[in-house]
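Undergrad: One structure, as structure tokens, below. Some questions next.
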Amino acid sequence: GVLPALCLLGYSSLHAGSFTLPEELIGASEGFLEYTVEDYLERSEIQARYEIRINPLDPRLRLAACASDLTQTLESPAQPVGRVTVRVSCEGSSPWTVFIPAQVRLFRPIVVATRPLKRDQILGPADVSMIEQDIGPLSRGYLTDAAQAIGQKLTRPLQADQVLTPAHLELAESIRRR
């Protein structure tokens, strides 16, 4: 949270003009995350819509005004997806660092089951559909093209609207006639 950031200080009781306002920290973090997410999507060749939400900061936060530009880095994780922390620092005459928690949601069209499906079922076009969903929580993977699933055999039963993962699929055995 923000309380550990208070210990990294620049804490004084001067008038507001000598402080870096929480709004400045939020604006700097949002701008940094927008750039970082767009760069990540471009480098990864991912077509996705994103939403960024900066967690509220303690309005009592009092950091000394920064004479130089604020610097931002992604503290964690390596990819700007899910829960992230932005490190915002002032390198000026009264240096300080604060960690800003945020949430980055990436939305992509992914493959889901259209209805309950049984184990060992061979998937056809009517069994799957595409819906836009936040991919951040999908740690087991997902499919981005229905063609990846059609003709495959299910390894386990699925519920309607359940995300298909690579682990749910195996090659259907072809029947050979002589």
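The values are calculated or read from the model by the stated rules, or taken from the named source; none is laboratory data. Here the structure is a predicted model, which is why all the values come from computation and not from measurement. Don't worry about glycine lacking a Cβ; one is built from the backbone with ideal geometry, like all the others, and counts go over all protein chains shown. Just so you know, the surface numbers come from the protein's heavy atoms only, side chains and all, with ligands and any DNA or RNA stripped out. Shrake-Rupley method; radii C 1.70, N 1.55, O 1.52, S 1.80 Å.
Undergrad: Scan around Asp161 for amide H atoms under 5 Å from its own, H built in the peptide plane at 1.01 Å from N, and keep only partners 5 or more places away or cross-chain.
TA: Ala113, Thr114, Arg115
Undergrad: How would you rank 67-79, 125-137, highest first, on the average number of other Cβ atoms within 10 Å across their residues?
TA: Listed from highest to lowest mean packing, they are 125-137, 67-79.
Undergrad: With axes computed from alpha carbons, what is the tilt in degrees of helix 22-44 against the longest principal axis of the chain, rounded to the nearest 10 within 0 to 90?
TA: 30 degrees
Undergrad: Would you please give the FRET efficiency between Arg49 and Ser18, computed as 1/(1 + (r/R0)^6) with r the Cβ-Cβ distance and R0 = 30 Å, to the nearest 0.05?
TA: It comes to 0.15.
Undergrad: Once amide H atoms are built 1.01 Å from N in the peptide plane, which residues 5 or more positions from Phe19, or in another chain, come under 5 Å H to H?
TA: Long-range HN contacts for Phe19: Ala65.
Undergrad: Another question about this same structure. Å³ per residue of the Cα convex hull, for the stretch 26-105?
TA: Per residue, the Cα convex hull of the stretch 26-105 comes to 85 Å³.
Undergrad: In the chain, with Lys and Arg counted as +1 and Asp and Glu as -1 at Cβ, which of these residues, Ala149, Ile100, Pro22, has the Cα nearest the positive end of the dipole, that is, farthest along it?
TA: Looking along the dipole axis, the top candidate is Ala149.
Undergrad: So if each residue of separation counts as 0.36 nm, and I subtract the Cα-Cα distance between Lys118 and Met130, what length gain in nm does that give? If you can, show how the numbers build up before the last one.
TA: Details: separation 12, 0.36 × 12 = 4.32 nm, distance 1.93 nm.
That pair, Lys118 and Met130, stretches by 2.4 nm at full extension.
Undergrad: On the first, second and third principal axes, largest extent first, how far apart are the outermost C-alpha atoms of the stretch 49-178 in Å?
TA: 83, 28, 20
Undergrad: Measuring with a 1.4 Å probe in the full set of protein chains, what accessible area per residue, in whole Å², belongs to the chain?
TA: Accessible surface, normalised per residue, equals 61 Å².
Undergrad: Which one of Ile52, Leu33, Val88 is farthest out on the positive end of the charge dipole of the stretch 14-145, using unit charges on Cβ (Lys, Arg +1; Asp, Glu -1) and the Cα centre as origin?
TA: Most positive-ward Cα: Ile52.
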